[in-house]
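In what follows, a single structure is set out as structure tokens and then discussed.
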Amino acid sequence: MKLVKHIANLGYGSRKQVQWLFREGRVTDADGEVLYADDKVEHDAIRIDGEPLDPPPGLTLMLHKPAGYTCSTRDQGRLVYDLLPPRFRERSPLLSTVGRLDRDTSGLLLMTDDGALLHRIVSPKSKLDKVYEARLAQDLRGDEAATFASGALLLESEDKPLLPAELDVLGPRHARLTLHEGRYHQVRRMFAAVGNHVDALHRSRIGGLALGDLAEGQWRQLSAADLHALFGDAP
């Protein structure tokens with residue numbers, strides 16, 4: 001791929017705008033030598049204004065989504081893309097969220113421009129558990145764990161029971177829930193089905209990949225080792 005197209009696809013501007021970067025001598029190699037649009041240079045050796053390029057296509061990242069941000073560009077208000085470098089929203093192929101967290105839910109959100117990887121993560125065949133922590137409006141009664149583990153719980157307006165889910169009580173109004181499927185607003189609807197209300201919800205893990213100590217609003221690129229951990233593969 002020509003350098004102009006490659007850099008434009010990373011969101012640095014239109015092809016015309018990137019051509020101006022070359023004309024102004026702002027595109028160099030790692031040693032500071034000015035590059036030209038028809039040069040053949042490895043991605044990692046390219047600099048713009050002395051800074052390395054953003055990661056190439058094949059980017060997958062983990063974001064610690066704060067409450068108050070939405071995942072869909074069709075929604076009003078603050079978007080998760082606002083937490084990333086502005087160029088990331090202009091990348092081609094598109095950097096997409098892997099599933100969604102609703103506006104009021106915080107925690108681990110994956111994003112990728114790798115369509116095959118996205119479909120593998122969301123596919124039920126991958127059997128990736130999702131772990132949430134919920135803060136509740138009322139004290140737990142004590143029978144919720146058995147209800148959630150029964151495999152017989154029906155959500156409102158649905159006719160297919162939920163798969164068994166594991167509930168760990170962390171406090172009178174604080175619980176950890178491990179899901180083995182992903183239905184619309186599932187955690188909130190499960191607690192509503194047992195007469196409670198979720199005041200705050202946080203996703204801490206997907207598959208074998210945990211959010212860890214990544215600060216709220218921050219993100220990091222996933223490594224090959226992270227992806228192995230996600231799927232539970234041997235590296």
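The values are calculated or read from the model by the stated rules, or taken from the named source; none is laboratory data. If you're wondering where the values come from, they're calculated on a predicted model, not measured in any experiment. In this analysis, Cβ positions are derived from the backbone assuming ideal geometry, glycine residues included, and neighbour counts consider all displayed protein chains. These accessible areas exclude ligands, DNA and RNA; they are computed on the full protein's heavy atoms, side chains included. Shrake-Rupley method; radii C 1.70, N 1.55, O 1.52, S 1.80 Å.
Structure notes:
- Separation between Cα centres of the stretch 52-115 and the stretch 177-223, rounded to whole Å: 16
- Trypsin sites (Lys or Arg not before Pro) restricted to the stretch 1-59 and DSSP loop, no more than 11 other C-beta within 10 Å: 40
- Among the trypsin sites (Lys or Arg not before Pro) in the stretch 129-235, those placed in a DSSP loop whose Cβ has at most 14 other Cβ atoms within 10 Å are 141, 183.
- Rounded to 5, the percent of DSSP beta bridges in the stretch 80-224 classed as antiparallel: 90
- Expressed as a whole percent, the accessible surface of the chain that belongs to carbon and sulfur atoms is 49, based on a 1.4 Å probe.
- Taking the stretch 54-191 and dividing mean pair separation by its residue count, relative contact order in percent (alpha carbons under 8 Å, at least six apart): 20
- Label corresponding to P(r) over Cα pairs in 10 Å bins from 0, in percent when calculated from the structure given, among (i) 7, 27, 28, 20, 10, 7, 2; (ii) 8, 36, 40, 15, 1; (iii) 7, 27, 20, 13, 16, 13, 4, 0: (i)
- Model label zone, residue 160; criterion: amide N under 11 Å from point 7 Å along Cα-to-beta-carbon; scope the stretch 97-141: 124
- Helical runs (DSSP H, four residues minimum) scored at -39500 (n - 2.57) apiece and divided by the length of the chain put the mean residue ellipticity at 222 nm at -5000 deg cm²/dmol.
- Distance between modelled label sites at residue 204 and residue 185, nm, 7 Å Cα→Cβ extension: 2.5
- Dipole-positive endmost among 177, 83, 69 within the chain (Cβ charges, Cα centre): 69
- Each Cα pair under 8 Å and six or more residues apart adds its sequence gap; the mean of these over the residue count of the chain is a relative contact order of 20 percent.
- HN-Hα J in Hz across the stretch 53-70 - Karplus 6.51, -1.76, 1.60, θ = phi - 60°, x for Gly and Pro: 5, 4, x, x, x, x, 6, 10, 9, 10, 10, 8, 6, x, 4, x, 10, 10
- Per residue, in Å², the accessible surface of the stretch 79-173 once ligands and nucleic acids are set aside, probe 1.4 Å: 55
- Between residue 33 and residue 2, the FRET efficiency estimated from the beta carbon spacing at R0 = 30 angstrom works out to 0.95.
- Taking the Cα centre of the chain as reference, the dipole from Cβ charges on Lys and Arg (+1) and Asp and Glu (-1) amounts to some 620 debye.
- Efficiency of FRET from Cβ geometry, residue 213 and residue 193, R₀ 45 Å, rounded to 0.05: 0.85
- In loop segments of the stretch 147-210 as defined by DSSP, the chymotrypsin sites (Phe, Trp or Tyr not before Pro) with at most 13 further C-beta atoms inside 10 Å of their C-beta are 184.
- Ranked by the mean number of other Cβ atoms within 10 Å of their residues, highest first, the peptides 107-113, 209-215 come out as 107-113, 209-215.
- Highest-MSF residue in the chain out of 73, 60, 147 [GNM, Cα springs under 10 Å]: 73
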